[in-house]
Amino acid sequence: MTQTVAVLGTGKIGEALLSGMIRAGWRPGDLLITTRRSDRAEELRTRYGVEPVTNAEAAKRADTLILAVKPQDMGKLLDELSPHLTADRLVISAAAGIPTSFIEERLTAGTPVVRVMPNTPVLVDEGMSVISAGNHATPGHLAHAEEIFGGVGKTLRVPESQQDAATALSGSGPAYFYFLVEAMTDAGILLGLPRAQAHDLIVQAAIGAAVMLRDSGEHPVKLREAVTSPAGTTISALRELENHGVRAALIAALEAARDRSRELASGNG
C-alpha cells in the first residue's frame, strides 16, 4: 500500500474502517486521522499508531480522503477542505444521504468522488458497503474504495440512482433484524421461556439461517420449504404471519425508508 489515506471523522464507523485497513495490510504510517477532540486523537494514535492531523493537513497530504462525518457536518467540512484539495485526490463519502453532486459542487472541478453507504456490521467485519461513482470517478477509483471497505465486510457497486433503495435495504437493514429478534424474544417469554434462553435460541437461529442463505446458494423459498412440514408447526406460524400482513408491512417499511433517504438527499431533512 503506497497511498496515504486520511479518515476524516473517526467515530464508530471511521474507527472500524481504520482498524479494518490495518488488518488488511495498510501501514499505520500511511494513515492519517482527524477528530474533533484531542483526547480522542491521542486514543487513536496510541491504539493504532496513526497520525492525527487537521482537516486542512489531511487535504494537503492524503491521496484519498474518506469523509466519515455526520451528514449535517458535511457542508462545513467541505468548506475547510476546498482551498487545499486538488483534483488529483480521491474523495470517498460515507455520509448517509449525501449525493456526489453535493460534494463535487464544493470542490475543485473534476475531483473524483465515490459515495459509499456502509452499515453498522462493519464494526464486526460483516458489513455491506454499497459503492457508487460520481461524475469523475473511474473504475480504478471504485476498485480503490472496494479495497478499503472490503476490509470490514462485503462491497457492492450500484448506480447512484439506486443508493436510496440500497439504504433502505442494507443501510437500515440491521435495525429490522434487531426489531424482529426483539419481537421474537418477547414471544418466547410469552410462551414460557426465560428471556436469556429465548434470546440465545433466536440469535443462533438467525446466525444459522444467515449462513445457510449465504453458503448454500439456495433460494430462500427452498430453504423455507425444507423447514415447513405438511400440517406442522412452521406452516401454522407462517399462516399467521401472512394473515397479519407481515410481508406487505415489510414492503411498506422499506418504501418508507427509501422515500426518507430521498428526502434527506434533496436537503429536506
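Among the residues of the range 67-96, the one identified as in contact (Cβ under 8 Å) with a residue 60 or more places away in the chain and polar (S, T, N, Q) is Q72. Regarding T86, is this residue in the same structural domain as R23 (by the TED database) and under 15 Å from I33 (Cβ atoms)? No. Comparison of V130, V113, V152 shows that the only residue that is touching a Leu at 6+ places or on another chain (Cβ under 9 Å), among the β-branched types (V, I, T), at pLDDT below 95 and open to solvent by less than 60 Å² (accessible area, probe 1.4 Å) is V152.
Where residues in the range 53-74 are under 24 Å from the mean Cα position of the chain (by Cα) and open to solvent by 20 Å² or more (accessible area, probe 1.4 Å), which of them is nearest to F149 (Cα to Cα)? Of everything passing the filter in the range 53-74, A68 is nearest to F149 (Cα to Cα). Inside the range 24-40, residues that are modelled with pLDDT under 95 and aliphatic (A, V, I, L, M) make up a count of 1.
For (1) of a type outside the set (S, T, N, Q); (2) without any contact (Cβ under 8 Å) to a residue 12 or more places away in the chain; (3) farther than 30 Å from V91 by Cα, each residue gets a yes or a no:
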residue: T120; (1), (2), (3): no, no, no
residue: L123; (1), (2), (3): yes, no, no
residue: Y178; (1), (2), (3): yes, yes, yes
residue: I202; (1), (2), (3): yes, no, yes
residue: L213; (1), (2), (3): yes, yes, yes
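If you go through the range 1-49 and keep only what is surrounded by fewer than 21 Cβ atoms within 10 Å (Cβ to Cβ) and acidic (D, E), you end up with D30, D39, E42, E43.
The values are calculated or read from the model by the stated rules, or taken from the named source; none is laboratory data. Small disclaimer: the values here were computed from a predicted structure and weren't measured. Methodologically, a virtual Cβ is constructed for each residue, glycine included, from the backbone with ideal geometry; neighbour enumeration extends over all protein chains shown. These accessible areas exclude ligands, DNA and RNA; they are computed on the full protein's heavy atoms, side chains included. Shrake-Rupley method; radii C 1.70, N 1.55, O 1.52, S 1.80 Å.
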